1. D203: more than 14 Å from the ligand (Cβ to nearest atom) and closer than 28 Å to A239 by Cα, yes or no?
2. So for segment 37-49 (the condition being within 16 Å of the ligand (Cβ to nearest atom) and surrounded by fewer than 22 Cβ atoms within 10 Å (Cβ to Cβ)), does at least one residue qualify?
3. So how many residues does segment 152-202 have that are closer than 20 Å to C40 by Cα, assigned to a loop (DSSP other than H, G, I, E, B) and at pLDDT 95 or above?
4. Quick one: V193 ticks every box in (1) without any contact (Cβ under 8 Å) to a residue 60 or more places away in the chain; (2) surrounded by fewer than 24 Cβ atoms within 10 Å (Cβ to Cβ); (3) away from the ligand (no atom under 16 Å from the Cβ) bar one, so which box is it?
5. Would you confirm whether or not segment 83-101 contains a residue that is of a type outside the set (G, A, S), in contact with a helix residue (DSSP H, G or I) (Cβ under 6 Å, 6 or more places away or on another chain), within 16 Å of the ligand (Cβ to nearest atom) and without any contact (Cβ under 8 Å) to a residue 40 or more places away in the chain?
6. Filtering segment 207-247 down to residues that are in contact with a Lys or Arg (Cβ under 7 Å, 6 or more places away or on another chain), crowded, with 21+ Cβ neighbours inside 10 Å and not small (G, A, S), which residue is farthest from T185 (Cα to Cα)?
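The values are calculated or read from the model by the stated rules, or taken from the named source; none is laboratory data. Note that the structure is predicted; figures quoted are calculated from it, not measured. Positions of Cβ are generated from backbone atoms using ideal geometry, with glycine treated the same way; all protein chains shown enter the neighbour counts.
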Amino acid sequence: MRTPVIAGNWKMNKGPKEAAELIEELKPLVQDARATVVVCVPAVDFSAAREALAGSQIKLGAQNVHYMPSGAFTGELSAGMLKEAGVEYVIIGHSERRQYFGETDETVNLRVKAAVEAGLVPIICVGEKKEQREAGYTNALVTYQTLIALSGLTAQQVGQVIIAYEPVWAIGTGLTATDEQANETIGVIRQAVRAAYGQQAADQVRIQYGGSMNPKNVRGLMAQSEIDGGLIGGASLKAADFAQVVHFE
Ligand code: PGA
């Protein structure tokens, strides 16, 4: 009943020219996809990407958003600016932002609220580090991260967001959570949503898996009952690979 969503996270890769080329290559390959397809490109690519995406079903996404509407925040972009640039989705709280740029659960929450108020769909990233999984904290941690990130939203708004469960130890490493691990942890996240926002929000919210998802492992992951899609890094930079992930069925 939930439409799967496959989102590419290009990270700091590809300028406007290469972005347009990759999108042109991708367009015919994902034309008839059942999944919602999103490409989260670097901000300098918005204009070229939007032009290349014209007439396709692929949606434009960003990789971060500031929580203030405007002001003295050098280097930052507001939700209103993203919206005006044609962006519809935005990744918030990626583990690389948490690790390298001081992102906290509280600033993730501020960004989520700003995005939702501006009419953007946030892709909210949560996930544990290797040592946290080994210590048995995974369920408590993802529950906490999820509830803080969503704090202040209505149940109806929560039903419309996307959450990406990304175990930090699986990102860019070639290590993937097993199908069962990913399904179980995503089930824990959905249960946290259910307890706080009710059955309908839990039934509606789309929860992706992310972390070395690729054409080889996508089928097994997507066959799990709780997994509604993927946030794809490395494999989103090659049109053929990304298209295979999109057509996981
Ligand atoms: P990866 O990245 O697919 O390269 O592991 C996923 C992500 O960081 O969103």
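1. Working: more than 14 Å from the ligand (Cβ to nearest atom): yes; closer than 28 Å to A239 by Cα: no.
Judged against the criteria, D203 is not a match.
2. If we filter segment 37-49 for residues that are within 16 Å of the ligand (Cβ to nearest atom), which is where we start, we get 37-42.
Adding the requirement that they be surrounded by fewer than 22 Cβ atoms within 10 Å (Cβ to Cβ) leaves 42.
Within segment 37-49, one or more residues are within 16 Å of the ligand (Cβ to nearest atom) and surrounded by fewer than 22 Cβ atoms within 10 Å (Cβ to Cβ).
3. 3
4. Going through the list (1) without any contact (Cβ under 8 Å) to a residue 60 or more places away in the chain; (2) surrounded by fewer than 24 Cβ atoms within 10 Å (Cβ to Cβ); (3) away from the ligand (no atom under 16 Å from the Cβ), V193 breaks only (2).
5. Start the filter on segment 83-101 by keeping residues that are of a type outside the set (G, A, S), which leaves 83-84, 87-92, 94, 96-101.
Subsequent filtering for residues that are in contact with a helix residue (DSSP H, G or I) (Cβ under 6 Å, 6 or more places away or on another chain) retains 90, 92.
Of the ones still in play, those that are also within 16 Å of the ligand (Cβ to nearest atom) are 90, 92.
If we keep only those that are without any contact (Cβ under 8 Å) to a residue 40 or more places away in the chain too, we end up with none.
Scanning segment 83-101 turns up no residue that is of a type outside the set (G, A, S), in contact with a helix residue (DSSP H, G or I) (Cβ under 6 Å, 6 or more places away or on another chain), within 16 Å of the ligand (Cβ to nearest atom) and without any contact (Cβ under 8 Å) to a residue 40 or more places away in the chain.
6. So the first thing to find is which residues in segment 207-247 are in contact with a Lys or Arg (Cβ under 7 Å, 6 or more places away or on another chain), and the list is 207, 226, 228-229, 233.
Imposing the further condition that a residue be crowded, with 21+ Cβ neighbours inside 10 Å reduces the set to 207, 228-229, 233.
Still in the list and also not small (G, A, S): 207, 228.
Numbers: I207: 10, D228: 13 Å.
By that ranking, first place goes to D228.
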